[in-house]
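A.B. asks: One structure, pasted below without further comment.
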Amino acid sequence: MSKTKFQEYDVVICGAGPAGLKMACELQKRAAEAYKILILDKKPPWQEPIFCAEAVSADRLSALWPIQEYWIRQRLSGIYFTSPSRDRAEFYSKDCGLILNRALFHKEMADTASSMGVETNFNSLCLNVESSSDGRWILKIKCLDEVFELKTKIIVDATGPGAKISKGVPELAGMEAGDADLESAIFAVVEGVEHSPEHIELFFGSKFPGGYGWLFPRDGKEVNLGFVLGRHQGKKDSSRKQLMDFIEEYFPAAKVKAIYGGMIACGQSKKPIAKNGFFKIGDAASCVNPISRSGIVEAILNADIMAPIVLEWLSSNSPEKCREIERRALDAWMKSLGESHLQLANGKGIFSQISDKQFNRATKRLSRLSREKTTLLRIFIAVLFSTPSLIWKLRSFIR
Ligand SMILES: Cc1cc2nc3c(=O)[nH]c(=O)nc-3n(C[C@H](O)[C@H](O)[C@H](O)COP(=O)(O)OP(=O)(O)OC[C@H]3O[C@@H](n4cnc5c(N)ncnc54)[C@H](O)[C@@H]3O)c2cc1C
């Protein structure tokens, strides 16, 4: 990319995670090279480490991107639900998910975007954005110690959780900030843990207030052990200490190779996600499932839904029409997953009221069932029957 002042684009996508990369491919595919599109990131999207447990639903991902064996670490056929007393209920399904190698997946997405004609620059940090007098956006970019500026009609903010580039910009006040119910998650890559490579294991109870712990297989030898905790849970110790305590107690033979952490925006708001030609997608728009905390497929789906709306905005030449299109962006997301995320977010606090005793009782009840009979509905019902007060509290949530 040349460093002349004000190189101009129709769309600049900031952030090359799954949301930004899908947006780049989708815009180019639908617009058949009619527009000049740039995707930039401060680092190559395939650069390790990627702070993620990398679990996705195979069905939902394959509806949005063709699955390739070479970027799958592991196909999953079961989930163990483990109570504080360490009783396990097993949910079995031939296809209950995949563990990705996100670095390889991102590389394929980035290569696809580039081969379709999207300009890429994975060495550029966006420092800030401001509106210009002609109604376009100016981005200040730092690339290899040089600072320069770009001009564009549309910015797609795919920079992940938190308002990294829109903060303090007067024209964007009131927009979703990618911080709805921001929770911290931490995990360790470890060796020496006996596990079934086809199962993930989820841990519940007061050790993981407002969230859950996990064991996700990686490649047969290594596993990913971690947890996410609710935002409102008071913490006695640092996340790192809590993680080490969890590993020591549950997997004393584990050898920790590395520890990573990050933030997850686990809520759903109704704040605008598009304003004045500035669109937010993926985690930057708080699209994560509030209960499972999965955000990969959600980010890709969100980009898929927003791409035609971005193109409609570009082909429209009246400001009134543009404002109407921007309002429709949030409506489109709410109709697809946003409304159900809102309900899940409202019901989230209720789950953190389940006591260890109630989890133990539910899991014991389920562990007596045969594997084939343990459906997700039965798990849900078992938890409800162990916690009768929940049924009343959940009435609006399950309506
Ligand atoms: C510990 C942890 C475990 C998780 N596990 C799972 C899981 O198992 N399954 C699941 O579905 N989800 C999981 N998630 C959530 C998932 O990682 C996110 O929802 C998903 O990555 C969102 O994709 P995105 O493209 O919106 O943002 P991101 O993947 O965060 O991508 C944002 C990109 O923007 C770039 N960027 C940021 N700021 C700038 C800037 N100023 N200039 C230029 N570039 C910038 C970053 O380098 C990054 O590449 C986990 C999250 C965490 C923190």
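A.B. asks: So, in segment 260-283, exactly how many residues are small (Gly, Ala, Ser) and more than 7 Å from the ligand (Cβ to nearest atom)? If you could, list the steps in order and put the result at the bottom.
C.D. replies: Residues of segment 260-283 that are small (Gly, Ala, Ser), as a first pass: 261-262, 265, 267, 269, 274, 277, 282.
Next, from what is left, pick out any that are more than 7 Å from the ligand (Cβ to nearest atom): 265, 267, 269, 274, 277.
Of the residues in that region, 5 qualify.
A.B. asks: Can you give me the ranges of the helices (runs of 4 or more DSSP H) entirely in segment 268-377 with at least 2 residues that are closer than 21 Å to residue 177 by Cβ, of a type outside the set (A, V, I, L, M, F, W, C) and under 25 Å from the mean Cα position of the chain (by Cα)?
C.D. replies: Fully inside segment 268-377 and qualifying: 296-315, 319-333, 339-351.
A.B. asks: Is there a residue in segment 219-235 that is among the polar types (S, T, N, Q), within 11 Å of the ligand (Cβ to nearest atom) and not in a loop (DSSP other than H, G, I, E, B)?
C.D. replies: Checked segment 219-235: at least one residue is among the polar types (S, T, N, Q), within 11 Å of the ligand (Cβ to nearest atom) and not in a loop (DSSP other than H, G, I, E, B).
A.B. asks: Report whether or not residue 297 is modelled with pLDDT of 95 or more, hydrophobic (A, V, I, L, M, F, W, C), over 20 Å from residue 129 (Cβ atoms) and near the ligand (Cβ under 10 Å from one of its atoms).
C.D. replies: In short, yes.
A.B. asks: If you don't mind, another one. Tally the residues that are in contact (Cβ under 8 Å) with a residue 12 or more places away in the chain and away from the ligand (no atom under 15 Å from the Cβ), restricting the search to segment 300-318.
C.D. replies: Qualifying residue count, segment 300-318: 7.
A.B. asks: Which one of these is over 17 Å from residue 336 (Cβ atoms), of a type in the set (S, T, N, Q) and in contact (Cβ under 8 Å) with a residue 40 or more places away in the chain: 276, 289?
C.D. replies: Working: 289 fails: over 17 Å from residue 336 (Cβ atoms).
Going through 276, 289 in turn, just one is over 17 Å from residue 336 (Cβ atoms), of a type in the set (S, T, N, Q) and in contact (Cβ under 8 Å) with a residue 40 or more places away in the chain: 276.
A.B. asks: Then there's this: Do the conditions hold for residue 216, that is, is it buried (at least 18 other Cβ atoms within 10 Å of the Cβ), within 16 Å of the ligand (Cβ to nearest atom) and part of a strand (DSSP E or B)?
C.D. replies: Numbers: buried (at least 18 other Cβ atoms within 10 Å of the Cβ): yes; within 16 Å of the ligand (Cβ to nearest atom): yes; part of a strand (DSSP E or B): yes.
Taking the combined requirement at face value, the residue satisfies it.
A.B. asks: Going through segment 39-51 one residue at a time, which ones are more than 13 Å from residue 105 (Cα to Cα) and surrounded by fewer than 22 Cβ atoms within 10 Å (Cβ to Cβ)?
C.D. replies: Those that are more than 13 Å from residue 105 (Cα to Cα) and surrounded by fewer than 22 Cβ atoms within 10 Å (Cβ to Cβ): 42, 43, 49, 51.
The values are calculated or read from the model by the stated rules, or taken from the named source; none is laboratory data. Given the structure is predicted, the values throughout are model-derived calculations rather than measurements. Because the Cβ atoms are built from the backbone with ideal geometry, glycine has one as well, and the counts that use them run over all protein chains shown.
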